Amino acid sequence: MDRNLTHRNRRRGLKVLHFLALFLVMSIICIPGLWIVVNSFRPTVEIMAKPPVWNPSFSLAHYRAMFGGAGEGGVPVFSYFRNSLIVSVVSTAIAILIGMSGGYAFARYRFRGKSNYFVGLMLFRAVPGVALSLPLFIVFARLGIIDTHFGLILVYVAMNVPFTIWLTDGFFRQIPKELHEAAEIDGCTRWQAFWKVEFPVARSGVASAAIFAFLTSWNEFALASQLTRSVGSKTMPVGLLDFTAEFTINWGGMCALAVLMIVPALILTFIVQKHLIAGLTFGGVKG
Amino acid sequence: MTEVTLSNVVKKYGAHQAVHGIDLDIADGEFVVLVGPSGCGKSTTLRMIAGLEDITGGEISIGGRVVNDLPPRERNISMVFQNYALYPHMTVEENLGFSLKIAKRPEPEVTAAVAKAASILGLDELMERKPAELSGGQRQRVAMGRAIVRHPDVFLFDEPLSNLDAKLRTQMRVEIKKLHQKVGNTIIYVTHDQVEAMTLADRIVLMRDGNIVQVGTPLDLFNQPADTFVATFIGSPPMNLIAGEITTGDTITLDGGLSIQVPSSARGRVRVGQKVQFGFRADNLMPVGHSVEEAGQKTQLDLTVTLTEPLGTETLLFTNMAGTEVQAKMLNPRPITPGESFEFELMLDKCHVFDAASGNAIRT
């Protein structure tokens, strides 16, 4: 009886510890984000206050100013948003198309130097993007594609393809090859077998690769800050710099724009989320 | 008419040769089982017939048409895979109708064909389910349904039962045989299980190391094994083999010292001094009074039982004969304690002699 009790107490204690640890980790992840949201709604005095003010007041002043005229601290939010959207969506679509083909090839075909190619792709990921910014800048300047959507899309495709290949390769590898063989025997060409059987089965994997690629492009700052110059091509993360002046930083405005940046990403993740949970169990085969 | 012909078919993977030029004629409507231990090339052969593997050399024809360079979809075959390979994102109904939809058949025809296949295999209740919601046996049936829907010339089965538990396996074995009797198509079936091969096949093709060892009806292989490999692979328990030497024209002296007459089937084909393997099945060594009354030449032997395996209608007896452990059978069994001795009868006419060096049967 006693033993049971102590055992139960210990289990309860562990559970509490578990929750505490989880809470701590989630706090570390979430509080900065929360702080940005909170700061975007309160006056600059309160943001800068030391010690911090814990119960925030609420005003939309920063948002009003941001959408306001250039003289009142306004920034071209809509242009930045449009640029970000175009660059991210197009680069993601291209990266997925290339990455998926690559991942499929790595998963299904045998070819000479396969593992070397694969390692090479992964090594490419190890190069920090900023290190490439100067060479890229020079090359792009010569080609005349600096400060264009096209240039940025090119860079983001190159950045995202290796990761997409790696991710989709893993998903296609999980699909037994008998599925496409069965489809081919059922009358499909290799192409049909892919689109009618393997792609739908791997859809959740492709979706998660897409969301990763999208978020990478959407949030990328270092390269974009070098390769874009004007309102016509600056993306939202670069737009945040508009709030820094020689001697001051408009924290409130910066937070407001950051919130506008986070919201679409959150919505998108939320929509794709149900694909991310691999609802498709591989019940068709027993392995 | 859909006979399948393989002539001198070779498969190489780089330097490694998996299939060494096999020849095989399969008649229309025949149920042929390719059997052998793993790595013997049976699955590779089947996959070459299906068009899933390239053929390195030789020729395969289906229904008189050479199919070497045709993709699987143009061979009019269907295949049941070991892991079923059902499309996980489709319902049972969609799985069954997939091939007809791909072929762009009119909707009513697809529905009718699917319904017919479903009723043959008892799948009517499961049409709306996804493969993940089915049991192993149900998945197996869907896989078979998908194969019969399109009326192929040839059915290919690649170890379709090896993922099922023992009881279900026997059930499905019967269903496959019934299916064959119902649809009457040519079937090529791969398995490593000799019981499946024996029970299903019109003709068994026994393979080893990429070669065909023996082709014949199940009883051919059981009664007249071509060599010691066939003798020990087919039949359960495997054939007992004891090493020995021909000492006179009609005597074998087993290595343990026991002398036995050369079976009539091998007499005159052996030479004195030849090293041989003497083989007989457990069914041909039985205690006196617990055997079948059968005419023919017999030899009496006194042997001590070391272990028993009661099976109900019969009991397997392990005993020692000329220093080698052999298995015997006891009909109308009674309880036995290990150590008990019996007088056994060995049915000499049913015994086999194999050349020790080559393993080949010595038989007239």
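Since every read-out is calculated from the coordinates, none of them should be taken as a lab result. Fair warning: this is a prediction, and the values are worked out from it, not measured in the lab. Heads up, the Cβs are rebuilt from the backbone with ideal geometry, glycines too, and the neighbour counts pull from every protein chain shown.
Return the average number of partner chain Cβ atoms within 10 angstrom of each residue Cβ along peptide A:175-182.
6
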With θ set to phi - 60° and the Karplus curve 6.51 cos²θ - 1.76 cosθ + 1.60, what are the ³J(HN,Hα) couplings of the stretch B:263-268 in order, to the nearest whole Hz, using x for Gly and Pro?
x, 4, 5, 9, 4, x
Under the definition of partner shielding as Cβ atoms of other protein chains within 10 Å of a residue Cβ, what is the mean value for peptide B:76-85?
6
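What is the calculated FRET efficiency for residue B:309 to residue A:27, with r their C-beta to C-beta distance and R₀ = 56 Å, to the nearest 0.05?
Rounded to the nearest 0.05, the efficiency is 0.25.
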Of the listed pairs B:116/B:178; B:275/B:298; A:114/B:12, those with alpha carbons more than 18 Å apart are B:275/B:298; A:114/B:12
Order these by the 10 Å Cβ neighbour count, fewest first: B:135, B:61, A:217.
B:135, B:61, A:217
Please list, in chain and number order, the residues 5+ apart from residue B:243 or on another chain whose amide H is under 5 Å from its amide H, with Hs placed from the backbone.
B:255, B:278
For the stretch A:80-95, list residues with backbone N below 11 Å from a point placed 7 Å from the Cα of residue A:231 toward its Cβ?
A:80
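What is the fewest-to-most order of B:173, A:125 by other Cβ atoms lying within 10 Å of their Cβ? Intermediate values should be presented prior to the final figure.
Working: B:173 19, A:125 12.
Ordered from fewest to most neighbouring Cβ atoms within 10 Å, B:173, A:125 come out as A:125, B:173.
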Packing-based exposure ordering (other Cβ within 10 Å, fewest first) of A:198, B:245:
B:245, A:198
Going residue by residue through the stretch B:11-19, the Karplus relation 6.51 cos²θ - 1.76 cosθ + 1.60 with θ = phi - 60° gives ³J(HN,Hα) values, rounded to whole Hz and with x marking Gly or Pro, of 10, 10, 10, x, 7, 7, 9, 8, 10
Residue-ordered couplings for the stretch B:78-83, obtained by feeding phi - 60° into the Karplus form 6.51 cos²θ - 1.76 cosθ + 1.60 and rounding to whole Hz (Gly and Pro as x), are 9, 9, 10, 8, 4, 9
Run the helix sum for the protein assembly as shown: -39,500 (n - 2.57) per DSSP H stretch of 4+ residues, divided by residue count, reported at 222 nm to the nearest 500 deg cm²/dmol.
-14000 deg cm²/dmol
For chain A, rounded, prolate or oblate, judged on the Cα gyration tensor with a ≥ b ≥ c (square roots of eigenvalues), a/c < 1.5 rounded, else prolate if a/b > b/c?
oblate
If I fit a long axis through the Cα atoms of helix B:136-148 and take the longest principal axis of the Cα atoms of chain B, what angle between them do I get, 0 to 90°, rounded to 10?
70 degrees
Where Rh denotes the Kirkwood radius from the mean inverse Cα pair distance, what is Rg over Rh for the protein assembly as shown?
1.17
With +1 assigned to the C-beta of every Lys and Arg and -1 to the C-beta of every Asp and Glu, and no other charges, what is the dipole magnitude of chain B about the Cα centre in debye, to the nearest 20?
720 debye
Which Rg and Dmax, in Å, describe the Cα atoms of chain B?
24.4, 77
Below 25 Å, Cα to Cα, which lysines can residue A:274 reach? Residues fewer than 8 away in the same chain don't count.
A:196, A:286, B:130
For chain B, what is the relative contact order in percent, using Cα pairs closer than 8 Å and at least 6 residues apart in sequence?
15 percent
What's the center-to-center distance, using Cα atoms, between the stretch A:168-241 and the stretch B:218-290 in Å?
66 Å
Mind checking the alpha-carbon convex hull of the stretch B:55-202 and giving the volume per residue in Å³?
132 Å³
Using a 10 angstrom cutoff on alpha carbons, build the Gaussian network for chain A and name the most mobile of A:66, A:122, A:48.
A:48
Per-residue average of other protein chain Cβ atoms inside 10 Å, peptide B:87-94 -> 5
Rh by Kirkwood over Cα pairs, then Stokes-Einstein D for the stretch A:27-145 at 1.002 mPa s and 20 °C, µm²/s
109 µm²/s
Would you grab the residues whose amide H sits under 5 Å from the one on residue B:210? Only those 5+ places off in sequence or on another chain, please, with H modelled 1.01 Å from N.
B:41
Near the amide H of residue B:251, under 5 Å away, which other amide H atoms are found, from residues 5 or more places off or on another chain, if H is placed in the peptide plane?
B:262
